[in-house]
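To start, the structure under review is shown below, and the notes come after it.
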Amino acid sequence: MSLNLFPLTARVDARNHLEIAGCDVVDLAREFGTPLYIFDDAHLRARAAEIRDAFQARWHASRSLVLYATKAYYSPYVARIFKDAGLGIDITSEGELEIARRVGLAPDKIYLHGNNKTPTEIRAALTLGVTHIVVDHLDEIELLARLAEELRVTPRVLLRLAPAIDPHTHRHLATGIAESKFGLPMRTGMAMEAARRVIELAPRLTLVGLHAHIGSQIFDLDPYRDTIAALTDFADELQSTTSFELQELDLGGGWGVPYTEGENSLKVDQVAEAIVDTLLNSKFKIQNSTSPTSDLQSPISNLKLVFEPGRALIASSAVAVYTVGAVKEIRGVRTYVAVDGGMGDNIRPALYGAQYTARIANKMNEAPTTRVAIAGRYCEQGDILIDKVDLPRVSVGDLIAIPCAGAYQLPMASNYNLIPRPAVLAAREGQARVIRRRETVEDMLRCDVDE
Ligand code: LLP
């Protein structure tokens, strides 16, 4: 069985244990306890460089910007890695902003998103010097103009558009469809109304670009091509009737990654090529051309291309490790392998029916012999991490390792059943360090007031 889904440095060591970045996972579990999340530092850095370079190779380097969608998982450790790689960030909250501030990320690389940003959040971002605000609705335009006036700043505005495009993914992950709660619907004219209103508010607000994030865990490139067509048509119309010039086009994220063997995978180069080709071949007349030629190999305009991958940047860099506490065979039905984590650290199977696979970290050389379900420890029948997986004979005390655990697990974790959240490690060249200590009962109760 291959280690394809595991991070780059994953190996099987001489003891037939899973090893990440030269660290034996069984030893790590013993030292730090489980559930345990382990990030492969080299993998994370390599992925950031790969995604950045895929776009810089096809569009002018200084005019292509990859923003990491911090909602996938943000911490000071992750923030530093992506900052070093030259990436910006897409944020949605003051918490995400605070991490960026602490690591000293340049505020002009921070884009503020959200379908209901509070005045406090907007004020905090503008005060820190955040230059780009992605506006989601009409009321926000007035609010932003008022706050910009109050703080004497002139933010750059992108409009989030809902282009009514089906990205062919789970319905909870489709965000650019006509009925989406996100963005300004294009079909009803609301998007055009918003654009004209922002233009009217110049110079307090400057409309610099358009944005669309059509969904998540997408494998089909056609919805992206359709999005580019919709956005460039919109820009054309606006440019021909107003003073607007499209300076930035932000195409969101959403690139799918495989979680199980044999599942689709989308290469970053494919995404970059499809996007850049579609743009270069579109009928859109890019303004401010530095060169009148349309040489496909060279940058043809001052247009800044922005992307916001979350999952594709981080999902495959981490592994979740659990200890088996019970093996329950219901004869003729199924065998449950109960682990010490579950929906508290990974809600994705319960919420989206997300599929995962697993290996036994201390029996890496043994062939699978039984089909089991990996059950979480939370008080919900729906807390099943994996419905069906083929494993070697499982015993109490074995360690279950689930790959592709880097995105949307830890940030969506909860304290359901008042169970503390896991510890997180970063492993590099034979050393593992704690980047988030295990929560304690004391931590969980800190906000309760009892008097
Ligand atoms: N940009 C915006 C405005 C977004 O809302 C998102 C994700 C992204 C970029 C990054 O999307 P990605 O490249 O990671 O697909 N909790 C779900 C995923 C929700 C995605 C929310 N927005 C899951 O676990 O699958």
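The values are calculated or read from the model by the stated rules, or taken from the named source; none is laboratory data. Just so it is clear, the model here is predicted, and its values are computed rather than measured. FYI the Cβ positions are ideal-geometry reconstructions off the backbone, even for glycines, and counts take in every protein chain you see.
At-a-glance table
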item	result
Check on Thr369, surrounded by 21 or more Cβ atoms within 10 Å (Cβ to Cβ) and modelled with pLDDT of 95 or more	no
Of the criteria (1) more than 24 Å from Thr278 (Cβ to Cβ); (2) more than 16 Å from the ligand (Cβ to nearest atom), which one Ile110 fails	(2)
Residue within region 48-55 that is under 17 Å from the mean Cα position of the chain (by Cα), hydrophobic (A, V, I, L, M, F, W, C) and more than 16 Å from the ligand (Cβ to nearest atom) present	yes
Test for Tyr352: is it aromatic (Phe, Trp, Tyr), surrounded by fewer than 17 Cβ atoms within 10 Å (Cβ to Cβ), within 26 Å of His168 (Cα to Cα) and within 27 Å of the chain's Cα centre (by Cα)	yes
Members of region 373-393 that are assigned to a loop (DSSP other than H, G, I, E, B) and buried (at least 22 other Cβ atoms within 10 Å of the Cβ)	Gly376
Matching option when the condition is out of contact with any Phe, Trp or Tyr (no Cβ under 9 Å at 6 or more places or on another chain) and in a helix (DSSP H, G or I), among Ala100, Ala14, Ala46, Ala79	Ala46
Residue within region 241-258 that is over 20 Å from Leu67 (Cβ atoms), assigned by TED's automatic domain parsing to the domain that holds Ala148 and crowded, with 19+ Cβ neighbours inside 10 Å present	yes
Selected residue (only one of Tyr111, Tyr74 is of a type outside the set (Gly, Ala, Ser) and touching a Leu at 6+ places or on another chain (Cβ under 8 Å))	Tyr111
Residue that is at pLDDT below 95 and crowded, with 17+ Cβ neighbours inside 10 Å, where the choices are Arg58, Arg52, Arg45	Arg58
Test set (1) in contact with a helix residue (DSSP H, G or I) (Cβ under 7 Å, 6 or more places away or on another chain); (2) assigned to a loop (DSSP other than H, G, I, E, B); (3) farther than 30 Å from Gln355 by Cβ - Leu210 fails condition number	(2)
Residues within region 182-217 that are within 16 Å of the ligand (Cβ to nearest atom) and either modelled with pLDDT under 85 or touching a Ser or Thr at 6+ places or on another chain (Cβ under 8 Å) (or both), tallied	8
Considering residues of region 334-370 that are within 16 Å of the ligand (Cβ to nearest atom) and hydroxyl-bearing (Ser, Thr, Tyr) only, the residue farthest from Ser414 (Cα to Cα)	Tyr356
Selection from region 416-451 of residues that are in a strand (DSSP E or B) and surrounded by 12 or more Cβ atoms within 10 Å (Cβ to Cβ)	Ala423, Val424, Leu425, Ala426, Ala427, Arg428, Gln431, Ala432, Val434, Ile435, Arg436
Pair list, Cβ under 7 Å, 6 or more apart: region 126-141 residue closer than 11 Å to Pro155 by Cα, other residue among the acidic types (Asp, Glu)	Thr131/Asp108
Unmet criterion (only one of (1) in contact with a His (Cβ under 8 Å, 6 or more places away or on another chain); (2) assigned to a loop (DSSP other than H, G, I, E, B)) for Arg58	(1)
Residue that is surrounded by fewer than 24 Cβ atoms within 10 Å (Cβ to Cβ) and within 16 Å of the ligand (Cβ to nearest atom), where the choices are Asp226, Asp220, Asp233	Asp220
Filter result for the condition that a residue is within 16 Å of the ligand (Cβ to nearest atom), under 23 Å from Phe32 (Cβ atoms) and in contact with a strand residue (DSSP E or B) (Cβ under 6 Å, 6 or more places away or on another chain), over Ala320, Ala401, Ala326	Ala320
Lone qualifier among Thr335, Thr323, Thr357 - being modelled with pLDDT of 95 or more, more than 25 Å from Arg30 (Cβ to Cβ) and among the β-branched types (Val, Ile, Thr)	Thr335
Residue count, region 257-282 (criterion: touching a helix residue (DSSP H, G or I) at 6+ places or on another chain (Cβ under 7 Å) and among the hydrophobic types (A, V, I, L, M, F, W, C))	6
